[in-house]
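Here the structure comes first, spelled out in structure tokens, and everything after it is commentary.
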């Protein structure tokens, strides 16, 4: 797990850079892992700490649990990475997911480690629930 | 029932060994999915209430089918999750309407408790799109042994005017979970996190 911390930080910083460079624009996040066929699902669980905590650090101490998905698969496997609001998991407009995959990965002895960030709500979000503007943002839920 | 269901698909996974080690008892999980007609396919409708009500129906139906497939009483379920794939004539928001406003309450009724947020994914895709249902402990989201996901695929769904809705439950955590963190016996199970 500790070996993966630098990678977690690197990926989180890369994401912020791709989104324009200002961490304040990030509103949603998620993480995931695809373990190659010679591995165990459990190897993917090693990403929870370095991936999740790295993102929360880069995002100025985001409060909410980073949602995740993992699976074992061959090259080209697709993974739906769940997304929730970075400070309050229950913000309904921000429940979302992003499908990712790499056509030639993971090889049998590899893992694909994923972090996702978003800058806002779903398009035309209109199913009510807790709004981002109404959160207390202390307990990570609401 | 408001939902017009074309078919229901149940997937049960039972893991008996991992990396050559026996998993005793086998870890088991079930996904129950419904392929439904999307009443709002092909047009922008502001008020998605009908889909919210369909979500409530499916929350009950699919959770009942999933625990029945595992042969366990609802309260014995340990983790849960939900997901939906909207066909190409729909909006991602249609999936949100099914999954979020009203689906959770009947799920929790079947499983008894369920303090934690029900983890979810959603997407738009064509028939045969794979859909990952995230899983987390139903009373404490931070239980690390229970972070997981289950992939489901229905070859002929969703069609352009359909939505594939899935709920997954488990009777256990990951097989041979061993990366530390909060464990099940440590939880209070009230705030939904720990």
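Laboratory data are not the source of any read-out in this text; all were calculated from the coordinates shown. What you see is a predicted model; the values in this text were computed from it and never measured. Using ideal geometry, Cβ is built from the backbone for each residue, glycine included, and neighbour counts are taken over all protein chains shown.
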### Query
In which sequence would A:100, A:114, A:49 go, from the one with the fewest C-beta neighbours within 10 Å to the one with the most?
A:100, A:49, A:114
## Note on the structure
Helix A:5-18: inclination vs chain A longest Cα principal axis, degrees, rounded to 10, gives 50
### Task
Please work out the C-alpha center-to-center distance from the stretch A:24-43 to the stretch B:72-149 and express it in whole Å.
18
### Query
What are the extents of the Cα atoms of chain B along their three principal axes, listed from largest to smallest and rounded to whole Å?
50, 36, 26
#### Entry: Antiparallel bridges, percent of DSSP beta bridges restricted to chain A (to nearest 5)
75
### Query
What's the angle, to the nearest 10 degrees (0 to 90), between helix B:49-70's Cα axis and the longest principal axis of chain B?
40
### Query
Packing-wise, with mean Cβ within 10 Å as the measure, how do B:59-66, B:80-87 rank, highest first?
B:80-87, B:59-66
### Cα gyration tensor, the protein assembly as shown - rounded (a/c under 1.5), prolate or oblate
rounded
### Query
What angle, in degrees between 0 and 90 and rounded to the nearest 10, separates the Cα long axis of helix A:48-58 from the longest principal axis of the Cα atoms of chain A?
40
### Task
Please order B:7, A:63, B:123 by the number of other Cβ within 10 Å, starting at the fewest.
B:7, A:63, B:123
### Query
Okay, helix-only estimate at 222 nm for the protein assembly as shown: each DSSP H run of n ≥ 4 adds -39500 (n - 2.57), divide by all residues, round to 500 deg cm²/dmol; what do you get?
-6000 deg cm²/dmol
### Summary
Counting all Cα-Cα pairs in the stretch B:133-194, those more than 13 Å apart amount in percent to 66
### Query
Which order do B:150, B:19, A:1, B:52 fall in if you start with the one that has the fewest other Cβ atoms within 10 Å?
B:19, A:1, B:52, B:150
